[in-house]
Amino acid sequence: MNSIIKASNVMQQHRPGLSIYDLNAALERLGGSRELLCDMIGFYLEDYPVLIERIEDAADAGDPVTLARNTHSLKGLAANFDAMQVIAAAEATTLAARKSVGLVPEKEIATLSKAASELAEHLQSALEDDESD
C-alpha cells in the first residue's frame, strides 16, 4: 500500500485546481486501514461503470430522478477518494439536468464519464502497484 500513498502524491492533480484523488486523505479517514482502502477502490471499480450506464439510460429516457440518484451515488463513491474532478462533473450533470428539463445534458454526462474513467484508471494502477509490493 505504500505505493498507493506514493501514487496519490504524484498523481493528485491532473487538471489545475481539481484533484484526481487523494488517497492519503482517504486512508486517514479509514483509520489507516490499507485493506479497507483497497476494498473501497474495488467497490468504485466495480460500481462506476454500472452507474455511468444508468445515468446515460436515465438521460435518454428523460428520467431526471433516476439520473440524479445515480449521479449522486457516483459522486458519493468518488468522494471517498476526494476525487474533485468526478465530484464537480457530477454536480454539473445534476444541475444541467435540472435546468434543462426534457433535454439530455450530453456534454456534462460525457465529462462525468471521462472523469470517472480517469479516476478508475488511476485507482486501478494504484491497486496493481500495491499488489506487486
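Derivation of every value follows stated rules applied to the coordinates shown; laboratory data play no part. Computed from a prediction, not measured in an experiment: that's the story for all the values here. Using ideal geometry, Cβ is built from the backbone for each residue, glycine included, and neighbour counts are taken over all protein chains shown.
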Review point. Arranged by the count of other C-beta atoms within 10 angstrom, fewest first, what order do Leu27, Leu67 take?
Key: Leu27, Leu67
Review point. Counting Lys +1, Arg +1, Asp -1, Glu -1, what net charge surrounds Ile55 among other residues with beta carbon under 15 Å of its beta carbon?
Key: -3
Study note, to complete from the structure: Assertion target for His72, His122, ordered by fewest C-beta neighbours within 10 angstrom first, is His72, His122
Exercise for review: Output ³J(HN,Hα) for segment 31-40: one whole-Hz value per residue in order, computed from phi by the Karplus curve 6.51 cos²θ - 1.76 cosθ + 1.60 with θ = phi - 60°, and x for Gly and Pro.
Suggested key: x, x, 7, 5, 4, 5, 4, 4, 4, 4
Practice item. Amide H neighbours of Ser19 under 5 Å, at least 5 residues apart or on other chains, H built in the peptide plane: list them. Key: Met84, Gln85
Practice item. Just rank Val65, Val86, Val104, fewest to most, by other beta-carbon atoms within 10 angstrom. Key: Val65, Val104, Val86
Practice item. Work through the residues other than Leu36 whose Cβ is under 15 Å from its Cβ and net out their charges, Lys, Arg +1 and Asp, Glu -1. Key: -2
